[in-house]
Amino acid sequence: MGIIEPGIGLLFWMTLTFVILLFLLGKFAWKPIVNAVNDRETSIVDALNQAKLAKKEMEDLKSDNERILREAKIERDGILKEAREIKERIVAEAKDLAKSEGEKMIEAAKQTITSEKNAAMADIKSQIGTLSVNIAESILKQKLDNSEAQNELVQNYLNKSNLN
């Protein structure tokens with residue numbers, strides 16, 4: 001018998017050892033191994049399902065975010081438009097107010113100028129009247145130094161008064 005050729009006894013003991021090993025593995029190892037593989041398969045399937053759910057939730061969140069962004073942009077544009085309208089209205093009101101205030105100030109200045117002009121004219125007239133009286137008095141004093149000139153002036157004045 002050669003080293004390479006197996007003998008019947010060796011074959012018998014190898015087969016018996018293999019069957020005992022299969023029995024022991026089937027009794028103690030196969031069930032836990034199969035259970036572990038089944039548990040692992042279940043956990044992988046659950047993880048895949050959760051990943052699909054998470055992916056779906058992410059897509060939903062993404063679409064919600066896009067919708068919220070669109071709504072926010074629309075709201076922002078509305079607020080900016082409203083702010084522009086308010087600004088334009090305030091500017092127009094300020095212009096109108098400034099124009100009316102300017103017109104009031106111009107009118108007040110015109111009235112002040114007119115009243116000051118009238119006061120100045122009255123003052124000038126008063127000064128001219130006073131000056132005229134002083135000049136006339138001075139002239140009359142010079143001309144009426146003698147009594148004969150005075151009598152003649154009175155006579156002329158009375159004649160003029162009777163005629164009028």
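Only the coordinates and a few stated rules stand behind these numbers; no lab work does. Keep in mind that what you see is a predicted model, and the values were worked out from it rather than measured. Note: ideal-geometry Cβ built from the backbone for every residue, glycine included; neighbour counts use all protein chains shown.
Quick notes on this structure:
- The listed residues are Lys52, Lys31, Lys27, Lys56, and the only one of them that is on the phi < 0 side of the Ramachandran plot, assigned to a helix (DSSP H, G or I) and surrounded by fewer than 10 Cβ atoms within 10 Å (Cβ to Cβ) turns out to be Lys27.
- Of all the listed residues (Ile44, Ile74), the sole one being on the phi < 0 side of the Ramachandran plot and within 34 Å of the chain's Cα centre (by Cα) is Ile74.
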